[in-house]
1. Please name whichever of 231, 297, 276 sits farthest to the positive end of the charge dipole of region 218-305, dipole taken about the Cα centre and charges placed at Cβ: Lys and Arg +1, Asp and Glu -1.
2. Relative contact order for region 182-316: what is it in percent, counting Cα pairs under 8 Å that are at least 6 residues apart?
3. Calculate the dipole size of region 191-256 relative to its Cα centre from +1 charges on Lys and Arg beta carbons and -1 charges on Asp and Glu beta carbons; express the result in debye to the nearest 20.
4. For the chain, which DSSP H helices look membrane-span-like by this rule: Cα extent along the axis of 27 Å or more and mean Kyte-Doolittle of at least 0.5?
5. Can you flag which of 76/206; 255/285; 118/255; 7/255; 2/255 are past 24 Å Cα-Cα?
6. What's the extension gain from residue 161 to residue 138 if we count 0.36 nm per residue and subtract their Cα-Cα distance?
7. When ranked by the protection proxy of mean other Cβ atoms within 10 Å per residue, highest first, what sequence do the peptides 54-61, 298-305, 22-29 form?
8. Report the gain in length on full extension from residue 316 to residue 22: 0.36 nm times residue separation, minus Cα-Cα distance, nm rounded to one decimal.
Amino acid sequence: MKDSNNKTLFKLLIHGGAGAILRDKLTPEREQAFRQILTEALLAGYTILAAKGSSVDAVVAAITFLEDSPLFNAGKGAVFNHEGHIELDASIMDGATRMAGAVAAVTTIRNPICAAHKVMTQSPYVMLIGHGAEVYAAEQNLELVDPTYFYTQHRWDQLKKAIAKEKILLDHDAESDEKYGTVGAVALDCYGNLAAGTSTGGLTNKRYGRIGDSPIIGAGTYADNRSIAVSATGSGEMFIRTAAAFNTAAYVRMKQIPLTEAVERTLEEITAIGGAGGLIALDTKGNYAMQFNTSGMYRGMIDNNGVAWTGIFADN
Ligand code: ASP
């Protein structure tokens, strides 16, 4: 596919979670820090796409970068569960083959998105959880870390606050002062192939082995060259109940609804059942959407022109 200047088209979109992100609550320094990391994650993916790498590899590169940043609720900097532990979830899907991989409730895999990628490409399975997923990651020579690697003070404080209020802190909660969520990416490569991936620590103060939408194919992540690639962030239960990522792709493929409208319709369904969050979506022609029903969503976009764009608030 060529762009309007007859150059080979490729594109990458990322998100770093949606929530009540208000301009007057975010200091200029913190805003700058978020934009900087988003830009670097975009460039990590761009480098791969510009070298004719695959959309799958670009998604892994961008998400790995965000997982390594303490600013986002994925990998290092993930939120704590009720017991004071960090349990990570991630998934990835290849739009060309509709192969998919996911891990859930892992505690020692430094980059859960890499484990999801190995599950997709090296195993006959789609989803591995807990200890078994960690054994598999070790067999695949992925880096395992002591759980303390993931800990950050602000997430710990956030847990203490949530326990004091005894509530499960939906990252999208209007009252929450820490809303940075899940990270995700969707990419289109120079071969016209789509991919999507998502990685998260889930919800602060989550209990009983709770898993959200992020590692569930069709809920938090979906990619199909016949329609679109989607990654979601938000109140996971509602995204599971609406099969949000698949639902959006299905509108495009089966009802020929334009991508932006498909994303809007899914968000309406999520809103109708009390859900909050956002979706990023991309098709093989490079059409895309980044929408949310919260006040903000950390997000960014880069294409074959190499100029990184980032947004946080509704008006950028
Ligand atoms: N969707 C994630 C979950 O429910 C959380 C988030 O996006 O912030 O686990």
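Computed from the coordinates by the stated procedures, all read-outs in this text should not be read as laboratory data. Just so it is clear, the model here is predicted, and its values are computed rather than measured. Glycine gets a Cβ as well: all are built from the backbone with ideal geometry, and neighbour counts include every protein chain shown.
1. My answer, from the dipole projection, is 231.
2. Normalised by residue count, the contact order of region 182-316 is 20 percent.
3. 120 debye
4. Numbers: long enough: 28-50 (32 Å, 0.13).
Within the chain not a single helix satisfies the rule.
5. Those over the limit are 118/255; 7/255; 2/255.
6. Extra length from residue 161 to residue 138 when fully extended: 4.8 nm.
7. Averaged packing, sorted descending, gives the order 54-61, 298-305, 22-29.
8. Extending this stretch completely gives an extra 104.7 nm.
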